[in-house]
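Below is one structure, written out as structure tokens; comments come after it.
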Amino acid sequence: MTTATSIVLSRAREQVLERGEGLSEEQVLEVLQLPDSELDALLELAHEVRMRWCGPEVEVEGIISLKTGGCPEDCHFCSQSGLFESPVRSAWLDVPMLVEAAKQTAKTGATEFCIVAAVRGPDARLMAQVAAGVAAIKDAVDINVACSLGMLTPEQVTALAGMGVHRYNHNLETARSHFPNVVTTHTWEERWETLRLVREAGMEVCCGGIVGMGETLGQRAEFAAQLASLTPDEVPLNFLNPRPGTPFGDLEPMSGPDALRTVAAFRLALPRTVLRFAGGRELTLGDLGARKGLLGGINAVIVGNYLTTLGRPAEADIDLLGELEMPIKALNETL
Amino acid sequence: MSGVGRAVFCDRCGAPTAEGDHARCARERDLEPPRFCPECARRMVVQVDPFGWTARCSRHGTRSSAAAER
């Protein structure tokens, strides 16, 4: 360990582990620039931080696409945009299928079930479908219901809170300075406004993004700092899975060491937040990545499949949690 | 309809299986549901849930991960 890297890690240890104070943007950048030879020490520190400030429990979640494809937005990573030549076709899920997926998710021990729709924001038809779905799930399954339906009006935020939706996901996706390279049909600030409304309505805020979308390390650090300033209850961390037909379809997946360094850096920026392993981890990190991430700052996982792509079998993650002696967070222990 | 006919087209890219190299498609399919009907190359309506997928072709019916595993 060189003197410089030693200083970066020892300062992070004192600031984050001992005092619980997240790293600044400049400090996150220093962490992201650490050499591969320091990766194990960095992951170990991030794990200690997670254990100290969050505990050993892992929050398990399943996600489902209620409305797939045909989205009018141009998020360059997304195969569900109707503006790209993607093979993904539009589809709607009916309420019985939604309830069945929630039941199956709960059987894994998961406490979270997130209903997602590929839209700019929900229209009346979608809000009605969500209301029916949330009510049916609550009647049939003991699980927290979250939603991710794009940008919301104040009235829609109030309606979702009234349905008993306890958490709302709306990702900022990337650093503010990089956002115009990723999305041109709406702004980072519009997303921020929805998040503000969600917080104001008393719902938990879930906000993360995707790394590996051509951002610089500086922009990755900027993103971590911007998320920290939002103080979200949960940050889902996705790694770009380049989708055929999208503008980012030809980008290379980020390397495993870069992905793990990012996990650890985000943990050090957000010591008390639920940091969730989300899409792209199988591609970027393979099977070993689940273990390394859970021992490097992650304390939540999406189990099973994603919205349009497949994940590891849920039982593989559940078995791993048992092996690592990390209990699944119980329903009454959620935020 | 149950979608059990002969696979003539790659269910990931929709090109004829007899043309070109589909080794990458086969690898990618480990982490993706099918998108094209293997019998006629129509884009299918695919629904992914946490534990599986279904894919419906308007001409050749519905396929599913459950059926694929049997």
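The values are calculated or read from the model by the stated rules, or taken from the named source; none is laboratory data. These numbers were taken from a predicted model, which means no experiment stands behind them. Every residue, glycine among them, receives a Cβ derived from its backbone with ideal geometry; neighbour counts consider all protein chains shown. Heavy atoms of the whole protein, side chains included, go into the accessibility calculation; ligands, DNA and RNA do not. Shrake-Rupley method; radii C 1.70, N 1.55, O 1.52, S 1.80 Å.
Given the condition assigned to a helix (DSSP H, G or I) and over 26 Å from A:Asp287 (Cα atoms), answer yes or no: does some residue in the stretch A:208-219 qualify? Give the steps one after another, and end with the answer.
Going residue by residue through the stretch A:208-219, those that are assigned to a helix (DSSP H, G or I) are A:217-219.
Then keep just the ones that are over 26 Å from A:Asp287 (Cα atoms); that gives A:218-219.
Within the stretch A:208-219, one or more residues are assigned to a helix (DSSP H, G or I) and over 26 Å from A:Asp287 (Cα atoms).
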Within the stretch B:2-15, can one find any residue that is without any contact (Cβ under 8 Å) to a residue 12 or more places away in the chain and within 21 Å of A:Glu282 (Cβ to Cβ)? no
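Residues that are within 11 Å of chain A (Cβ to nearest Cβ): list the strands (runs of 3 or more DSSP E) wholly contained in chain B that include at least 2 such residues.
B:45-49, B:52-57
Sort through A:Leu260, A:Leu320, A:Leu310, A:Leu324 and tell me the only one that's within 18 Å of the chain's Cα centre (by Cα), more than 14 Å from chain B (Cβ to nearest Cβ) and hydrophobic (A, V, I, L, M, F, W, C).
Working: A:Leu320 fails: within 18 Å of the chain's Cα centre (by Cα); A:Leu310 fails: more than 14 Å from chain B (Cβ to nearest Cβ); A:Leu324 fails: within 18 Å of the chain's Cα centre (by Cα).
The match here is A:Leu260.
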Could you tell me whether A:Thr309 is assigned to a loop (DSSP other than H, G, I, E, B), among the β-branched types (Val, Ile, Thr) and either open to solvent by less than 50 Å² (accessible area, probe 1.4 Å) or in contact (Cβ under 8 Å) with a residue 12 or more places away in the chain (or both)? yes
Just name the residue that is most open to solvent (accessible area, probe 1.4 Å) out of those in the stretch A:249-306 that are out of contact with any helix residue (DSSP H, G or I) (no Cβ under 7 Å at 6 or more places or on another chain) and of a type in the set (Gly, Ala, Ser). A:Ser255
Out of the stretch A:84-106, which residues are aliphatic (A, V, I, L, M) and either within 11 Å of another protein chain (Cβ to nearest Cβ) or free of Cβ contacts under 8 Å to residues at least 24 places away in the same chain (or both)? A:Val88, A:Ala91, A:Leu93, A:Met97, A:Leu98, A:Ala101, A:Ala102, A:Ala106
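Of all residues in the stretch A:165-198, count the ones that are assigned to a helix (DSSP H, G or I) and touching an Asp or Glu at 6+ places or on another chain (Cβ under 6 Å).
At the first step, the residues of the stretch A:165-198 found to be assigned to a helix (DSSP H, G or I) are A:179-181, A:188-198.
Okay, now just the ones that are also touching an Asp or Glu at 6+ places or on another chain (Cβ under 6 Å), so none.
Adding up the residues that qualify gives 0.
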Filter result for the condition that a residue is of a type in the set (Lys, Arg) and open to solvent by less than 20 Å² (accessible area, probe 1.4 Å), over B:Arg63, B:Arg35: B:Arg35
